[in-house]
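Novice: Okay, handing you the structure first.
The values are calculated or read from the model by the stated rules, or taken from the named source; none is laboratory data. Owing to the predicted nature of the structure, the values given are computational and were not obtained by experimental measurement. Surface accessibility is based on the protein's heavy atoms, side chains included, excluding ligands, DNA and RNA. Shrake-Rupley method; radii C 1.70, N 1.55, O 1.52, S 1.80 Å.
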Amino acid sequence: MMKRERVLIVEDEPAVARGLEYALKEEGFEVFWARTGAQAIEITGRQQPDLITLDLRLPDMSGYDVCRALRTQNHRQPVLMLTARDEELDKVLGLELGADDYMVKPYGLRELISRIRALLRRAYGDLAAPSADQVQRFEGLEIDLTRLEVRLDGNAVELTPTEFRLLRYLSARPNVPVSRSGLVEAVWGYESDVNSDRTVDVHIRHLRQKIERDAANPTRLVTVRGFGYKFQG
Ligand code: CA
């Protein structure tokens with residue numbers, strides 16, 4: 001029998017949590033529920049869920065703090081952040097925070113479940129495996145596909161797993177424009193929508209700050225106006 005995947009719902013509103021729990025159980029997931037940040041951290045340590053959906057506003061602490069605490073304790077499960085306001089997007093996807101994806105409330109349950117499946121595939125499925133035993137070298141920039149390391153002018157650059165996948169996908173296609181929706185499907189593993197296109201832009205901006213010598217005038221990750229991006233090789 002296939003192992004059932006286990007999802008921890010962190011949500012202080014019982015009605016929202018119950019709706020989500022019901023939908024996930026219908027889909028065959030095993031579900032845990034935490035109402036507070038402290039419970040979320042405790043249950044994660046005890047049950048080791050495969051994925052965590054994390055409400056941003058909790059009674060005892062913010063979802064940001066929960067996420068940070070989990071990462072500090074070396075919990076690496078994918079975290080899907082659920083926010084009520086999309087101006088928080090930038091912070092949610094913030095570099096040091098470690099959230100993997102986000103959705104803005106109110107979200108559709110079907111959409112949420114497809115995000116959860118995509119995150120699980122990315123984290124535990126074939127997309128998690130390194131693609132090849134090789135190092136890509138461009139002028140000043142080295143991308144080590146085996147060790148998942150990037151160096152700019154010889155200095156190690158810290159990328160999040162999502163940033164690395166995004167860079168790897170683009171750098172494997174030098175000078176070829178890739179649409180935002182193409183990137184969403186290839187890197188995030190689901191069909192694009194308005195929010196996910198913005199997600200791409202935020203991650204590109206972060207990547208530029210890390211791998212461009214001058215992030216304001218990018219020469220490597222170039223915008224293709226009205227379409228997407230290309231990696232200048
Ligand atoms: Ca809440």
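Novice: How large is the Kirkwood hydrodynamic radius of segment 6-125, in angstrom, based on all distinct alpha carbon pairs?
Specialist: One over the average 1/r among Cα pairs gives 14.0 Å for segment 6-125.
Novice: Amide H to amide H, which residues 5 or more places from Val178 or on other chains are under 5 Å from it, using H placed in the peptide plane?
Specialist: When sequence neighbours closer than 5 places are left aside, the close amide H contacts are Tyr229, Lys230.
Novice: How high is the relative contact order of the chain? Use alpha-carbon pairs under 8 Å, at least six apart in sequence, and give a whole percent.
Specialist: 12 percent.
Novice: Output ³J(HN,Hα) for segment 174-180: one whole-Hz value per residue in order, computed from phi by the Karplus curve 6.51 cos²θ - 1.76 cosθ + 1.60 with θ = phi - 60°, and x for Gly and Pro.
Specialist: Each residue's phi maps through the Karplus curve to give x, 6, 9, x, 10, 6, 4 Hz.
Novice: Round to the nearest 10 and report in Å² the accessible area of Tyr64, as given by a 1.4 Å probe over the protein chains' heavy atoms.
Specialist: Around 20 Å² of this residue is reachable by solvent.
Novice: Same structure, new question: Under a 5 Å amide H to amide H cut-off, with H placed in plane at 1.01 Å, what residues pair with Phe138 once short-range neighbours are removed?
Specialist: Ile143
Novice: Percent of accessible area on the chain owned by carbon and sulfur, 1.4 Å probe?
Specialist: Heavy-atom surface of the chain belonging to carbon and sulfur, 1.4 Å probe: 49 percent.
Novice: Next question. For a quick size check, give me the Cα extents of the chain along its three principal axes, largest first, whole Å.
Specialist: Sorted largest first, the three principal extents are 53, 36, 34 Å.
Novice: Normalising by the residue count of segment 6-125, find the relative contact order in percent from Cα pairs under 8 Å and 6+ residues apart.
Specialist: 22
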